[in-house]
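The values are calculated or read from the model by the stated rules, or taken from the named source; none is laboratory data. Since this is a predicted model, take the numbers as computed values, not measurements. Glycine gets a Cβ as well: all are built from the backbone with ideal geometry, and neighbour counts include every protein chain shown. Side chains are part of the model used for accessible areas, which takes the heavy atoms of the whole protein and leaves out ligands, DNA and RNA. Shrake-Rupley method; radii C 1.70, N 1.55, O 1.52, S 1.80 Å.
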Amino acid sequence: EARGFVYGMDLLALGQVPYTDFMYNYGPATIYLPLWLSNVSGGFLSFEQSYAVVLVLFTTGGFVALFAFLRSLEIPKSLRPLVLGAAALVWACLTMGLQYSPLRFFIVPISLVFLDAVTSRQSGGGILPLVRTGMAAAIAAAACLAISPEMGISGAVAVAAYGFILILRRSIPGAMACWLGAGGVFSATLLEFPGYLDSVFAFGSGGGNF
């Protein structure tokens, strides 16, 4: 699918906007990031080369996210490399493009691990812990939305569910901060890209991915 990503970068470089001027089925990070990398290099990296660099980053980042997630679970340390190696065999799908990189499939759980890590470290009252929780929820939702519409929806639902966990922990203000942070980012994404969710409803595979 690399050809489609690079073609999207061509259209973006010509001033067109994804989801509005042309149909784009993936997250904004998959097109804006390689274009930005090519521009920052002053043209030293072609669109194809910058795309390849981002593909490597997404693949590496996905395995780092997987290992971080395994560390957060009660799995014997000796089994973690085995699980990581098995995942490498499954996810080494470089010909399918950024959409099939490990980062796409693990962005939601690792975002929740990040959100829980930030929230669990908050102590005391006041507005500052709530601001940190809201910012962490916003970052978690933004990371999911940047990867793909399906993961964006899944991430928003997951963060909302985490808010209910905070209610069970008797932290209603924390839940509200969590919902406001994620909801604000989700709303801002739809305002910036009105057609962001079109691919989810236009193709059966979009619903299946969700």
Ranked highest first by average number of other Cβ atoms within 10 Å, how do 174-181, 162-169, 125-132 line up?
174-181, 162-169, 125-132
Could you grab the relative contact order for the chain? Cα pairs under 8 Å, six or more apart, rounded to a whole percent.
21 percent
Accessible area per residue, 1.4 Å probe, Å², for the stretch 1-150: what's the number?
52 Å²
About its Cα centre, what dipole magnitude does the chain give when the only charges are +1 on Lys and Arg Cβ and -1 on Asp and Glu Cβ, stated in debye to the nearest 20?
860 debye
Please get the size of the charge dipole for the stretch 49-174, origin at its Cα centre, with Cβ charges of +1 on Lys and Arg and -1 on Asp and Glu, quoted in debye to the nearest 20.
320 debye
Binning at 5 angstrom from zero up to the longest distance, how are the C-alpha pair distances of the chain distributed in percent?
1, 7, 14, 16, 17, 16, 13, 9, 5, 2, 0
Given charges at Cβ of Lys, Arg, Asp, Glu: the stretch 9-154 dipole, positive-most of 34, 140, 44
140
Determine by what factor the alpha-carbon radius of gyration of the stretch 1-109 differs from 2.2 N^0.38 Å, reporting the quotient.
1.23
Between residue 32 and residue 128, what is the label-point separation in nm under the 7 Å Cα-to-beta-carbon projection?
3.1 nm
Where is the GNM fluctuation largest for the chain (alpha-carbon springs, 10 angstrom cutoff): 56, 159, 185?
56
